[in-house]
Amino acid sequence: MRARSLHRRGRSDDGQLLPLYAVIVLLAGGSMVLLVHLGVLAVHRAQARSAADAAALAGAAEGRAAADEVAQRNGAVLESFAEEGNDVEVRVRVGSTRATARARRDGGCRSADQSDPVHFRPCHPTSPG
């Protein structure tokens, strides 16, 4: 009689791990979705910073139109452009991520003759090995 009652209890325990497995699978899936979302945000943040830096440099050198073009080529939208003297500040947006960068125009164009010009020697490739 005792053997029969143990056998019945064992059968009644069948399927009790199924809800635990379902919870584990749901938690793993949710974690994966969260990690992908965080990864996308990190990529957008890096792209926004790079676009803001490049747009600020272009804006300092050539003005707002250049800053806007550089931002667009880097996958960003130029939200603001402020020029104060030689300083330029830009704000760009990539997705929902925003970044701000500043650049300063120093010294103007250096195309005029200089007292001590720099000369570069041509670089010849070497054979591998």
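What the table shows:
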read-out	value
In order through the range 54-64: 3J(HN,Hα) via Karplus (6.51 cos²θ - 1.76 cosθ + 1.60), integer Hz, x for Gly, Pro	5, 5, 5, 5, 5, x, 5, 7, 10, x, 4
Length gained when the stretch Leu26-Ser96 is fully extended (0.36 nm per residue, less Cα-Cα span)	22.4 nm
Rough spin-label spacing in nm, given labels placed 7 Å along Cα→Cβ, for Ala65 and Glu79	2.6
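Quick note: the coordinates plus some simple rules give every number you see, no bench work behind them. Keep in mind that what you see is a predicted model, and the values were worked out from it rather than measured. Cβ coordinates were reconstructed from backbone atoms using ideal geometry, including for glycine residues, and neighbour counts include every protein chain displayed.
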